[in-house]
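Q: I have a structure here, written as structure tokens, and I will follow up with some questions on it.
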Amino acid sequence: MRFLPVLFFFMLAACQPKTESPATPDTAAASTGVQLADEATLDKYLAQYAPYEMFYDASHLPDRDKALLQKLVAASELVDEAYRLQTSKEGIRLAAELRQEDSSAARKALTLLRRNGMPFDQLQDYARFAGDQTYYGGGEIYPRGMSAEEFDKVYATLDAEQQEAFMNPYTVIRKDGKGGYQAIPYHVEYSEQVAKIASLLREAASLTDNASFANYLQLKADALESDDYFAADSAWIDLTGNPYEIAIGPFETYSDEIKGVKAKYESFVEIVDQDESAKLEIYKKYLPALEENLPIPDEYKSNVEGLTAKFVIVQDIHRGGEAAAGYQAVAANLPNDPKVHAEKGTVKTFWKNMFKARFETIIRPVSERLIAEDQQQYLSAEGFFQFVIMHEICHALGPRTVKVGPKQGQAANAAIGPLYNAVEEGKADIAGMLSLVWLMQHDVIDASREREFYVSYLGSLFRSVRFGTQQAHGRAAVFSINYLADQGAIVFDAASGRWSVDFDKFAGGVRNLAAELLLLLGNGETEPVQIFFDRWDITPELQAGLDSIAELPIDVLPEYKIKWD
């Protein structure tokens, strides 16, 4: 038997810009000359992740199917290369040197490099653990050191066509050698990787009997070579009957701390569960009603009539790029292009193997320490899954563009900047819970499980808050907990140090918070968002809770293995 092990990058997430790297603990040089954090610090950082095996047995598949999946996995591996070039060339150099070093410290640092995509630990406020470079929130997308203010000064001197290129999600900003700057398309900057990925996708297309999947793969290959993704993403939403799937391309903008608009390459190779996916189709017809239920003026609402909301439950067998190095998602609502959202819809993907890993290794242990003992009976994996479903559905609801004022029509993420991601994640959480209330009231979902849904959601918040306020999901969890506590929807007991849900006040608190977040998105202004974040920052009670679970792992470390023969 032959196994293909894959150990993935982990925990790259957006944070606010920093001017210098946080202080690094005592260091020691590897024999290669790479400066490393001391081994105790490396061990501390590694302990933040809970290893979890993700095994897939492909040996029973027809040879043609195995060949198709192997090409998709190879394409996903190449996505890693493009992503690292977008993120940290210093990390690439350090990894190459550390591979030549046979020591425990070098191996640990190399694992952390793979998990973070850079020589800075995401869960330690980007503390450096290898090398001597300072952290820069623009990665390799912008000229190193360029600030948002400097970008804006350059932007103001450009004509309309150049401005569009500078704000395009799929361009890098480079010095032009003449004292100015230029925007270079991704497919040009990363042409070597893109050409290989596109070739593999076209070869995979020739190995499938599913016409919609073959069409999608061919269009995605074209899109990677042109940075025009509309046709490919539309074809992705239209997939039918395909047993396999690959989500691939530049999607998320979490890690762009300069302007919050540049997407990073990522990929997921997936085995589709057709039967379980079909069970979620019921939610499609309620999208207009859920949009209408949002507690905002009509001018802030979006038209979701006729949009395709495709639900797919899968097992992923490979993650590449930011999907592997970043926040280890249990679900996603993609693509992020507002035009695709407005004219076509989205694909809502749920990774059942990562979902199980997340609940068993992270959410349950944390919840057992922080949630009131008499409410732990309501904590369940099914309750968490229902929350995740609603979260992904509600990414499609509410303002995607600015609805009022001088920025009207501009994409909300571009208008707000890097702070947008936390607002959007919080909106999806809270609008999801608001929509869940509506669905229970209208007998779509079993209302007798209300307490299970609410307490499981609270447990999920405690999991996310541990990422800290520098990360989008962490920041969203912080302001949600504090706002809902202020509303009396959740209650902290100082004597026990535990939290509980006030079931009578919960729905009202959720509705009030949803209104505030939706208006922030629709108004598209940065300063009010920052004021909101500052108002609902970490409290002493919440910090004490975090301190009490400091020794528990913060997230899953997936260890993927594929058995081919």
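Q: Here are some residues: Glu140, Glu203, Glu161, Glu150. Which one is at pLDDT 95 or above, surrounded by fewer than 14 Cβ atoms within 10 Å (Cβ to Cβ) and either in a helix (DSSP H, G or I) or acidic (Asp, Glu) (or both)?
A: Glu161
Q: Applying the selection to the range 482-509, what residues are aromatic (Phe, Trp, Tyr) and assigned to a loop (DSSP other than H, G, I, E, B)?
A: Answer for the range 482-509, where residues must be aromatic (Phe, Trp, Tyr) and assigned to a loop (DSSP other than H, G, I, E, B): just Phe503.
Q: Let me ask something additional. If you check Ala476, Ala544, which single one turns out to be closer than 26 Å to Phe355 by Cα, assigned to a helix (DSSP H, G or I), out of contact with any His (no Cβ under 9 Å at 6 or more places or on another chain) and touching a residue at least 40 places away in the same chain (Cβ under 8 Å)? Lay out the reasoning, then the answer.
A: Details: Ala544 fails: closer than 26 Å to Phe355 by Cα.
Matching residue, one of Ala476, Ala544: Ala476.
Q: Tell me, please, whether a residue that is polar (S, T, N, Q), more than 22 Å from Gln86 (Cβ to Cβ) and touching a residue at least 40 places away in the same chain (Cβ under 8 Å) can be found in the range 245-258.
A: No - not one qualifying residue is present in the range 245-258.
Q: How many of the residues in the range 425-446 are surrounded by 24 or more Cβ atoms within 10 Å (Cβ to Cβ) and either of a type in the set (D, E, K, R) or at positive phi (or both)?
A: Number of matching residues: 3.
Q: Tally up the residues in the range 254-272 that are out of contact with any Gly (no Cβ under 6 Å at 6 or more places or on another chain) and farther than 21 Å from Ala211 by Cβ, please.
A: 9
Q: Listed residues Tyr190, Tyr181, Tyr155, Tyr186; which is of a type in the set (Phe, Trp, Tyr) and surrounded by fewer than 19 Cβ atoms within 10 Å (Cβ to Cβ)?
A: Answer to the selection: Tyr155.
Q: With the structure loaded, tell me whether Asp555 is in contact (Cβ under 8 Å) with a residue 60 or more places away in the chain and not small (Gly, Ala, Ser) or whether it fails that test. Outline the logic, then answer.
A: Working: in contact (Cβ under 8 Å) with a residue 60 or more places away in the chain: yes; not small (Gly, Ala, Ser): yes.
Considered against the rule, which asks whether it is in contact (Cβ under 8 Å) with a residue 60 or more places away in the chain and not small (Gly, Ala, Ser), Asp555 comes out as yes.
Q: If you don't mind, there's one more thing I want to ask. Do we find that Ser267 is in contact with a helix residue (DSSP H, G or I) (Cβ under 8 Å, 6 or more places away or on another chain), hydroxyl-bearing (Ser, Thr, Tyr) and at pLDDT 95 or above in this structure?
A: Considered against the rule, which asks whether it is in contact with a helix residue (DSSP H, G or I) (Cβ under 8 Å, 6 or more places away or on another chain), hydroxyl-bearing (Ser, Thr, Tyr) and at pLDDT 95 or above, Ser267 comes out as yes.
Q: Could you look through the range 500-554, keep only residues that are of a type in the set (D, E, K, R) and more than 19 Å from Tyr420 (Cα to Cα), and pick out the one that is surrounded by the most Cβ atoms within 10 Å (Cβ to Cβ)? Spell out how you get there, then give the answer.
A: Within the range 500-554, the subset of a type in the set (D, E, K, R) is 502, 504-505, 511, 516, 525, 527, 534-535, 537, 541, 547, 551.
Going one step further and asking which of them are more than 19 Å from Tyr420 (Cα to Cα), we end up with 502, 504-505, 511, 541, 547, 551.
Working: Asp502: 16, Asp504: 9, Lys505: 15, Arg511: 19, Glu541: 16, Asp547: 9, Glu551: 6.
If we take residues in the range 500-554 being of a type in the set (D, E, K, R) and more than 19 Å from Tyr420 (Cα to Cα), then Arg511 is surrounded by the most Cβ atoms within 10 Å (Cβ to Cβ).
Q: Assess whether Asp429 counts as being assigned to a loop (DSSP other than H, G, I, E, B) and of a type in the set (Asp, Glu).
A: no
Q: Of all the helices (runs of 4 or more DSSP H) wholly in the range 245-362, which have at least 3 residues that are within 22 Å of Ala431 (Cα to Cα)? Steps first, please.
A: Numbers: elements: 274-278, 287-292, 322-325, 338-343, 352-358.
In the range 245-362, 287-292, 338-343 are the helices (runs of 4 or more DSSP H) which contain 3 or more residues that are within 22 Å of Ala431 (Cα to Cα).
Q: Only one of Tyr56, Tyr83, Tyr49 is modelled with pLDDT of 95 or more, in contact with a Phe, Trp or Tyr (Cβ under 7 Å, 6 or more places away or on another chain) and not hydrophobic (A, V, I, L, M, F, W, C); which? Steps first, answer last, please.
A: Working: Tyr56 fails: in contact with a Phe, Trp or Tyr (Cβ under 7 Å, 6 or more places away or on another chain); Tyr49 fails: modelled with pLDDT of 95 or more.
None of the other options fit; the residue is Tyr83.
Q: Shifting gears a bit: Out of everything in the range 389-420 that is of a type in the set (A, V, I, L, M, F, W, C) and at pLDDT below 90, what residue ends up being surrounded by the fewest Cβ atoms within 10 Å (Cβ to Cβ)?
A: The qualifying residue surrounded by the fewest Cβ atoms within 10 Å (Cβ to Cβ) is Ala396.
Here is a yes/no grid of residues against (1) assigned to a loop (DSSP other than H, G, I, E, B); (2) more than 22 Å from Glu373 (Cβ to Cβ); (3) at pLDDT 95 or above:
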| residue | (1), (2), (3) |
| --- | --- |
| Arg511 | no, yes, yes |
| Glu516 | no, yes, yes |
| Leu520 | no, yes, yes |
| Pro528 | no, yes, yes |
| Phe533 | no, yes, yes |
| Asp537 | yes, yes, yes |
| Glu551 | yes, no, no |
| Pro558 | no, yes, no |
| Ile562 | no, yes, yes |
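Q: Can I ask one more? Return a yes/no flag: does the range 305-314 have any residue that is without any contact (Cβ under 8 Å) to a residue 12 or more places away in the chain and either under 28 Å from Gly524 (Cβ atoms) or in contact with a strand residue (DSSP E or B) (Cβ under 7 Å, 6 or more places away or on another chain) (or both).
A: For the range 305-314, residues without any contact (Cβ under 8 Å) to a residue 12 or more places away in the chain and either under 28 Å from Gly524 (Cβ atoms) or in contact with a strand residue (DSSP E or B) (Cβ under 7 Å, 6 or more places away or on another chain) (or both): present.
Q: I need the full set of residues from the range 432-459 which are β-branched (Val, Ile, Thr), under 15 Å from Leu287 (Cα atoms) and either without any contact (Cβ under 8 Å) to a residue 12 or more places away in the chain or assigned to a helix (DSSP H, G or I) (or both), in order please. Lay out the reasoning, then the answer.
A: Our first condition is that a residue be β-branched (Val, Ile, Thr); within the range 432-459, this holds for 437, 444-445, 455.
Pick out the ones that are also under 15 Å from Leu287 (Cα atoms) and you get 437, 444-445.
The one that is β-branched (Val, Ile, Thr), under 15 Å from Leu287 (Cα atoms) and either without any contact (Cβ under 8 Å) to a residue 12 or more places away in the chain or assigned to a helix (DSSP H, G or I) (or both): Val437.
Yes/no per residue for (1) within 23 Å of Leu517 (Cβ to Cβ); (2) without any contact (Cβ under 8 Å) to a residue 40 or more places away in the chain; (3) not small (Gly, Ala, Ser):
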position: Gln274; (1), (2), (3): no, yes, yes
position: Leu290; (1), (2), (3): yes, no, yes
position: Ile296; (1), (2), (3): yes, no, yes
position: Arg319; (1), (2), (3): no, no, yes
position: Gln328; (1), (2), (3): no, no, yes
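Q: Those residues that are within 28 Å of Ala223 (Cα to Cα) and among the aliphatic types (A, V, I, L, M), I need them from the range 248-291; list them, please.
A: Ile248, Ile258, Val261, Ala263, Val269, Ile271, Val272
Q: With the requirement that a residue be surrounded by 18 or more Cβ atoms within 10 Å (Cβ to Cβ) and not in a helix (DSSP H, G or I), what does the range 75-100 give you?
A: Ser88, the sole residue that qualifies.
The values are calculated or read from the model by the stated rules, or taken from the named source; none is laboratory data. These numbers were taken from a predicted model, which means no experiment stands behind them. Virtual Cβ from ideal backbone geometry, glycine too; neighbours counted across all protein chains shown.
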